[in-house]
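A short worksheet on the structure shown next.
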Amino acid sequence: MFNQVCADEQLDPLDPDAEILAVLVVAIFRNAHTSERELLEAVKSRRQKARAAVRTPKMN
């Protein structure tokens, strides 16, 4: 699953960002996402939200 997300996002598994991804995968798995499909969907969703948050400037 980790390798699949790395490949989908063209992320080198040895890149520091991949370590963050691995931590995210474990955290989501620990929160009761037991099927691989469910886990993959949760990881992709959270990464998309994180990228969107970085691109969107905060308004005061």
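The values are calculated or read from the model by the stated rules, or taken from the named source; none is laboratory data. The shown structure was predicted, so the numbers you read here are calculated from the model rather than taken from an experiment. Backbone-built Cβ (ideal geometry, glycine too); neighbour counts: all protein chains shown. These area figures cover heavy atoms from the full protein model, side chains too; ligands, DNA and RNA do not enter into them. Shrake-Rupley method; radii C 1.70, N 1.55, O 1.52, S 1.80 Å.
List of remarks:
- Among 42-50, 6-14, sorting by the average number of other beta carbon atoms lying within 10 angstrom of each residue, highest first, gives 42-50, 6-14.
- Sequence of F2, F29 from largest to smallest accessible area, 1.4 Å probe: F29, F2
- Size of the chain from its Cα atoms: along the principal axes, largest to smallest, the extents are 39, 26, 16 Å.
- On full extension, the segment bounded by Q4 and I20 gains 4.3 nm, given 0.36 nm per residue less the C-alpha separation.
- The range 1-42, accessible surface, carbon-and-sulfur percent (1.4 angstrom probe): 54
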